[in-house]
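**Q** Let me give you the structure first, and then I'll get to my questions.
The values are calculated or read from the model by the stated rules, or taken from the named source; none is laboratory data. Note that this is a predicted model, so its numbers are computed, not measured. Cβ atoms come from the backbone with ideal geometry, glycine included; neighbour counts cover every protein chain shown.
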Amino acid sequence: MVPPSHAPRQLPLETQALFSELGFHKLLVSDERPVMEQAKAEKDVAQAVEVLNHLLTIRPGDLERAFDHLKAKGLHQRVGRKIRSRLADQPGLMSFIDQLSR
């Protein structure tokens, strides 16, 4: 049995929702890093994949709301292109974004 102090904490729903925006943000900033920071850019993409795939499994509504927020800012096409170009090996994310882009 895991002692209560070592049990995983459930994050508040507001915090969980912010992670969906963080995942999309990581994709956007990875493009903006200078050539000297390509290792960080790759790390940004890897972190985005991990966060977005996890949320796609447990909280797809948060991803949908975050994508709608990107639409309101006019950034959804950029994120969609980034997902299609860099995350071709992530069919679940690609399918989800294709559905939201319609």
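**Q** Run Met36 past the list (1) farther than 16 Å from Phe96 by Cβ; (2) touching a residue at least 24 places away in the same chain (Cβ under 8 Å) and report the number of the one that doesn't hold.
**A** (2)
**Q** Further, regarding this structure: Would you confirm whether any residue within segment 41-60 is touching a residue at least 24 places away in the same chain (Cβ under 8 Å), crowded, with 17+ Cβ neighbours inside 10 Å and farther than 19 Å from Phe19 by Cα?
**A** Looking through segment 41-60, none of the residues is touching a residue at least 24 places away in the same chain (Cβ under 8 Å), crowded, with 17+ Cβ neighbours inside 10 Å and farther than 19 Å from Phe19 by Cα.
**Q** For segment 63-102, which residues satisfy the criterion of being closer than 23 Å to Lys43 by Cα, aliphatic (A, V, I, L, M) and over 14 Å from the mean Cα position of the chain (by Cα)?
**A** Across segment 63-102, the qualifying residue is only Ala88.
**Q** Quick check on segment 61-93: of everything there that is of a type in the set (A, V, I, L, M, F, W, C) and surrounded by fewer than 15 Cβ atoms within 10 Å (Cβ to Cβ), which residue is nearest to His25 (Cα to Cα)? Explain how you work it out, then say what you get.
**A** The initial filter retains those residues of segment 61-93 that are of a type in the set (A, V, I, L, M, F, W, C), namely 63, 66-67, 70, 72, 75, 79, 83, 87-88, 93.
Applying the additional criterion that residues be surrounded by fewer than 15 Cβ atoms within 10 Å (Cβ to Cβ) yields 72, 88.
On the way: Ala72: 15, Ala88: 18 Å.
Within segment 61-93, the match that is nearest to His25 (Cα to Cα) is Ala72.
**Q** Looking only at segment 39-60, count how many residues are at pLDDT 90 or above, over 17 Å from Leu87 (Cβ atoms) and out of contact with any Lys or Arg (no Cβ under 7 Å at 6 or more places or on another chain).
**A** 1
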